[in-house]
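Okay, so here's the structure we're looking at.
The values are calculated or read from the model by the stated rules, or taken from the named source; none is laboratory data. Treat the numbers as computed from the prediction; the structure is a model and nothing was measured. When we count neighbours, we look across all protein chains shown, and the Cβ atoms used for this are built from the backbone with ideal geometry, even at glycine. Protein only, heavy atoms only, side chains kept; ligands, DNA and RNA dropped before computing areas. Shrake-Rupley method; radii C 1.70, N 1.55, O 1.52, S 1.80 Å.
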Amino acid sequence: MASPMELFIWRGDWGLPSVHTDSLTALAYARFAGAPLKVHKLSNPWRSPSGTLPALKTEQGLCLQPLQMLEYFKKQGYNADYRLSVKESADTLAFISLINEKLLPALIYTFWVDAKNYVSLTRPWFANTIPFPLSLYLPNRLHERHLEQLQLRLGSQALNSEEETEAQILDEASECLTLLSQRLASQSFFFGDSPSSLDAVVFGHLAPLLKAKLPNSKLQQHLQLLDNLCGFCNTVLSLYFPTEHTDTVSDTRRSAAPCETDEDPHKRRNQVLSVLVGLVAMLGYAFLSGILSIKRVSARGALPAANRLTEEGDEEE
Amino acid sequence: MSIAHDVLFSQMAAAEPWPENAMLYQPLKGEQILLSDNASCLAVQAFLRICNLSVQVVHRANAEYMSPSGKPPFIHVGNHVVSELGPIVQFAKAKGHSLSEGLDEVQKAEMKAYMELVNNMLLTAELYIQWCDDSTSSKITRSRYGSPYPWPLNHILAYQKQWEIRRKMKAIGWAGKNLEQVYEDVDQCCQALSQRLGNQSYFFNRQPTELDALVFGHLFTILTTQLTNDALSEKVKNYENLVKFCRRVEQNYFEELDHESRLSPTSRSLRDTPPK
């Protein structure tokens, strides 16, 4: 552990350390296990060494899957699961599968497919977060990728009418939330008093759903009815991410003027870029329409009779 | 199945008793069915037998295309066509046949979670080995999958299916795995199931549930299917209680019915090692 591990994740918002499920899972587990991490909160996935987020840079290379990251943390001796009995480890695996099969499709649906949410929350968030030239391309790319993922997960069922599919996905997810709530019961974490990898996975999936301001929030409403799950998310936030949690208040206050400090360099660059683009366009128009023209003035032909405008144009160039 | 169907089930299906002429459709047993499909079909058969609901098993080459969800098997009961284990369990429940009534809330949650574990890891691993392992897919899977169709079509359909499965693997993050890692996942899953089962006869004490049917379907198929090598079945054989569990279900629910339903093709298919 000469050099600390580096974790690259999507940057946070809505009072969360990251808005992205996989990023949150990995980060939460690292906090639970007390692994020393250098966390890079990025708004541009191309800055990560793999080109995708999240990514864990280790001495042996890159980990991209959140579950692989958990495995790696365990191998490094940062194990939050060491107290679990074999049966509890088996349960962990089973519930992670349940979340993966039932809840994840609904999350993708809620954030990326549902037209209202996508247009008024997800897309603007990513378009505003990702820096300028990429923000024209990456949100669409992410959207396509999520749609494809959902379609492949559902198989040919997706060919049925959209309403049926929607109802089915959300129904299964609500059932999954209820099951989780029943399993958690009145404990503070899933296996007793301290968090384990299952807690990290559940937190990663539920926190964005709970905290995002979704306009169309069927699943969110169902989650809000399950008090113990909401309480669980807030406990994890306040115990393991105290800074982000207190940020919430100030965040909502200045949400009208989004984070000047973070975005300042990009803003300046964007301003310069837009002025340049404007200038090029104006000059281009001027040349094309003949308002300006460049004449090569040889030494002998340098007559004062040459067009006044031309001279000015030349000097500018 | 959809909500609309669920509502239909509960309103209409409840009134009618289970008919005599219920039918279960699955792909051709001898030369076509694949490991993963066989596992799903066997799981459904086991569930229906545990519920003591009679069905006639029908083998059709195009069962996959007849199924409303695009995956075999499916049952045809009265006016209803229902595919895959989850919806079939729901359907049977609407008719008043349920195996998980006696469980409390937490146990039900655990049962659902373990069922997803089997679907998420065992089923995906079976698909991976079938379609993404080059030697298995070229020696076994593609030729079996295309076997009912004439020459150019058999290759076209098989490659199309393979392409589809590989895209799916990519979407769920399995594309980067190699065969060893997949076997490791299977091992992990079996270990979890074995721990959960312990010394009990069934996963939730003495009474089998739909989880038992699902686990039986997958493990029994893995144990009795000949692939290019034995690596997959060896992983399951390491867990003695799982192997015993499979024998137990087979004895209790498939062999005792044997003499009654000698005509049913399923009883034979379980005695013999299913080919492939």
Going residue by residue through segment A:86-106, is there one that turns out to be of a type outside the set (G, A, S), over 17 Å from the mean Cα position of the chain (by Cα) and more than 14 Å from chain B (Cβ to nearest Cβ)? no
Under 7 Å between Cβ atoms, at least 6 apart or on separate chains: pull out the pairs that start in segment B:182-195 with a residue that is without any contact (Cβ under 8 Å) to a residue 40 or more places away in the chain and end on any residue that is crowded, with 20+ Cβ neighbours inside 10 Å and assigned to a helix (DSSP H, G or I). B:Q195/A:A90
Among the residues that make up segment A:115-138, is at least one of them touching a residue at least 60 places away in the same chain (Cβ under 8 Å), open to solvent by less than 60 Å² (accessible area, probe 1.4 Å), touching a Leu at 6+ places or on another chain (Cβ under 9 Å) and assigned to a helix (DSSP H, G or I)? yes
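May I ask you to list the residues in segment B:71-90 that are out of contact with any Pro (no Cβ under 7 Å at 6 or more places or on another chain) and more than 19 Å from B:G217 (Cα to Cα)? Full working, then the answer.
Here is the first cut: in segment B:71-90, the residues out of contact with any Pro (no Cβ under 7 Å at 6 or more places or on another chain) are B:71, B:73, B:75-76, B:79-80, B:82, B:84-90.
Scanning segment B:71-90 gives B:H76, B:N79, B:H80.
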I'm told A:S186 meets every condition in (1) surrounded by fewer than 15 Cβ atoms within 10 Å (Cβ to Cβ); (2) assigned to a helix (DSSP H, G or I) except one. Can you identify the failing condition by its number? (2)
Among the residues listed as B:G70, B:G30, B:G78, the single one being at pLDDT 80 or above and within 14 Å of chain A (Cβ to nearest Cβ): B:G70
Please work out if A:Y29 is out of contact with any strand residue (DSSP E or B) (no Cβ under 6 Å at 6 or more places or on another chain), open to solvent by 20 Å² or more (accessible area, probe 1.4 Å) and either within 14 Å of chain B (Cβ to nearest Cβ) or of a type outside the set (S, T, N, Q) (or both). no
Testing B:T221 on (1) at pLDDT below 90; (2) part of a helix (DSSP H, G or I), one condition comes back false. Which one is that? (1)
Expected output for segment A:149-161 (first residue hydrophobic (A, V, I, L, M, F, W, C), partner modelled with pLDDT under 70, Cβ below 9 Å, 6+ apart or cross-chain) is A:L150/A:A158; A:L152/A:A158
If I filter segment A:82-92 for residues that are outside any helix (DSSP H, G or I), without any contact (Cβ under 8 Å) to a residue 24 or more places away in the chain, closer than 30 Å to A:D193 by Cβ and open to solvent by 50 Å² or more (accessible area, probe 1.4 Å), do I get at least one hit? yes
Here's a check for you: in segment A:139-152, which residue that is open to solvent by 70 Å² or more (accessible area, probe 1.4 Å) and more than 10 Å from chain B (Cβ to nearest Cβ) is nearest to A:G51 (Cα to Cα)? A:R141
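Scan segment A:1-14 residue by residue and report those that are surrounded by 20 or more Cβ atoms within 10 Å (Cβ to Cβ) and not in a strand (DSSP E or B). Before you say what the answer is, go through the steps one by one.
Restricting attention to segment A:1-14, the residues satisfying the condition of being surrounded by 20 or more Cβ atoms within 10 Å (Cβ to Cβ) are A:5, A:7-10, A:12-13.
Once the filter is applied, which keeps residues that are surrounded by 20 or more Cβ atoms within 10 Å (Cβ to Cβ) and not in a strand (DSSP E or B), segment A:1-14 yields A:G12, A:D13.
How about segment B:1-27: which of its residues are of a type outside the set (G, A, S) and either in the same structural domain as B:A158 (by the TED database) or modelled with pLDDT under 60 (or both)? Full working, then the answer.
First pass over segment B:1-27, keeping only residues of a type outside the set (G, A, S): B:1, B:3, B:5-9, B:11-12, B:16-21, B:23-27.
Residues satisfying the conditions are B:M1, B:I3, B:H5, B:D6, B:V7, B:L8, B:F9, B:Q11, B:M12.
For residues in segment A:163-179 being without any contact (Cβ under 8 Å) to a residue 24 or more places away in the chain and charged (D, E, K, R), which is nearest to B:M115 (Cα to Cα)? Give the derivation first.
Within segment A:163-179, the first condition is being without any contact (Cβ under 8 Å) to a residue 24 or more places away in the chain, and the residues that meet it are A:163-165, A:167-168, A:171.
Right, trim to charged (D, E, K, R) and you get A:163-164, A:171.
Working: A:E163: 26, A:E164: 23, A:D171: 17 Å.
That would be A:D171.
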Go through segment B:119-140 and give me each residue that's surrounded by 24 or more Cβ atoms within 10 Å (Cβ to Cβ) and in contact with a His (Cβ under 9 Å, 6 or more places away or on another chain). B:L122, B:E126
Flag if B:Y128 is in contact with a helix residue (DSSP H, G or I) (Cβ under 9 Å, 6 or more places away or on another chain), away from chain A (no Cβ under 13 Å) and modelled with pLDDT of 90 or more: yes
Select from segment B:186-228 the residues that are polar (S, T, N, Q) and within 11 Å of chain A (Cβ to nearest Cβ) and write down the one among them that is surrounded by the fewest Cβ atoms within 10 Å (Cβ to Cβ). B:Q188
Could you list all residues from segment B:143-182 that are open to solvent by less than 50 Å² (accessible area, probe 1.4 Å), farther than 23 Å from B:E234 by Cα and in a helix (DSSP H, G or I)? B:R144, B:Y145, B:G146, B:N154, B:L157, B:A158, B:K161, B:Q162, B:I165, B:M169, B:A171
Would you mention how many residues in segment A:72-81 are in a helix (DSSP H, G or I) and surrounded by fewer than 21 Cβ atoms within 10 Å (Cβ to Cβ)? 3
Give the residues of segment A:60-85 that are basic (K, R) and at the interface with chain B (Cβ under 9 Å from one of its Cβ atoms), sorted by residue number. none
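Considering only segment A:153-163, I want to know if a residue exists there that is within 9 Å of chain B (Cβ to nearest Cβ), among the hydroxyl-bearing types (S, T, Y) and surrounded by fewer than 16 Cβ atoms within 10 Å (Cβ to Cβ). If you could, list the steps in order and put the result at the bottom.
Just the residues of segment A:153-163 that are within 9 Å of chain B (Cβ to nearest Cβ), to begin with: A:153, A:155-157, A:159-161, A:163.
If we keep only those that are among the hydroxyl-bearing types (S, T, Y) too, we end up with A:156, A:161.
Filter once more, so that each one left must be surrounded by fewer than 16 Cβ atoms within 10 Å (Cβ to Cβ): A:156, A:161.
Yes, the conditions are met somewhere in segment A:153-163.
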